[in-house]
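Notes follow the structure.
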Amino acid sequence: MVLGSGQYKIGEDLPAGVYTFKFVQNGDSDVSRTDYYVYENESMYKYDVDRLWLGDMPRVEGSFKGDGETRISLYPGEYLSLRYNGAEVARVGNVSDRSTGYTAPTGTTIPKGNYTIGEEIPAGTYKIYFSGTTTSRVRVFQDAKEASNTFNKGKETILDWNNTEGTVTLSEGNILRVEYTPIIMTKGGGFSFD
């Protein structure tokens, strides 16, 4: 099967599985490669697209060119993005279950979004945890001005299957940004969004 430049949701546009990919010149005749990006979920894919460039937070990325072949495992719910040209793809196997036995701890679930410290979340030091679904990015900015700068990443923690917890110290006026999927937060005395 040949895919053109575009976006494909795994499980809907393309079944989950292990695939081989080979370069196909079927798009931009001035570019002799196909760039590919695999995102864990729609939120991560849309975040990159909304920023007008790709490659910020894919699970896998690279290029196909020439006669070489690349194997990529694609899981249900992921997004595959092909740029410039396309690829000849063949399903060559099944993907294994991604479960690792990780259980997210109890605590307050913090949805995706921006939170002003002192208004929405009290200042203090918190443990942050991977929710057990897909990757989350947690950023702490000094203030709203710093958070509004697209190129400023702030202090960043990535929570995923390989890095399940972290610690953030939040001061009055800081901005906490949770991206891609919710996280779990705990603090002595606790708080709740409910």
Practice problem: Would you be able to say whether some residue in region 26-43 is modelled with pLDDT under 85, touching a strand residue (DSSP E or B) at 6+ places or on another chain (Cβ under 7 Å), of a type outside the set (Gly, Ala, Ser) and surrounded by 13 or more Cβ atoms within 10 Å (Cβ to Cβ)? | Solution: yes
Self-check item: Subset tally (residues that are at pLDDT 90 or above, polar (S, T, N, Q) and farther than 20 Å from ASN26 by Cβ) for region 70-93
Solution: 0
Quiz item: Which pairs do you get when a residue that is in the same structural domain as GLU61 (by TED's automatic domain parsing) and within 20 Å of GLY77 (Cα to Cα), found in region 1-28, comes within reach of a residue that is aromatic (Phe, Trp, Tyr) and assigned to a strand (DSSP E or B), reach meaning Cβ atoms under 8 angstrom, with the pair 6+ apart or on two chains?
Solution: GLN7/TYR79; TYR8/TYR79; LYS9/TYR79; ILE10/TYR79; LEU14/TYR8; PHE21/TYR36; PHE21/PHE64
Quiz item: Which residue pairs have Cβ atoms under 7 Å apart, sit 6 or more places apart or on different chains, and have a first residue in region 123-149 that is in contact (Cβ under 8 Å) with a residue 12 or more places away in the chain and assigned by TED's automatic domain parsing to the domain that holds GLY113 and a second that is small (Gly, Ala, Ser) and surrounded by 20 or more Cβ atoms within 10 Å (Cβ to Cβ)?
Solution: PHE130/SER136
Quiz item: Is there a residue being touching a Phe, Trp or Tyr at 6+ places or on another chain (Cβ under 7 Å), at positive phi and either buried (at least 16 other Cβ atoms within 10 Å of the Cβ) or not basic (Lys, Arg) (or both) anywhere in region 108-130?
Solution: no
Practice problem: Please give the number of the condition LYS145 fails out of (1) at pLDDT below 85; (2) among the charged types (D, E, K, R); (3) surrounded by fewer than 19 Cβ atoms within 10 Å (Cβ to Cβ). | Solution: (1)
Practice problem: With respect to ARG83, determine if the residue is of a type outside the set (Phe, Trp, Tyr) and outside the structural domain of ASN26 (by TED's automatic domain parsing). | Solution: no
Quiz item: ASP143 is checked against (1) more than 16 Å from ILE184 (Cα to Cα); (2) in contact with a Pro (Cβ under 6 Å, 6 or more places away or on another chain) and fails just one. What number does that condition carry?
Solution: (2)
Practice problem: Output the residues belonging to region 82-110 that are assigned to a loop (DSSP other than H, G, I, E, B) and touching a strand residue (DSSP E or B) at 6+ places or on another chain (Cβ under 7 Å). | Solution: TYR84, ASN85, ASN94, VAL95, ALA104, PRO105, GLY107
Exercise. Of all residues in region 111-153, count the ones that are under 18 Å from THR181 (Cα atoms) and assigned to a loop (DSSP other than H, G, I, E, B).
Key: 9
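The values are calculated or read from the model by the stated rules, or taken from the named source; none is laboratory data. All values reported here derive from a predicted model rather than from experimental measurement. In this analysis, Cβ positions are derived from the backbone assuming ideal geometry, glycine residues included, and neighbour counts consider all displayed protein chains.
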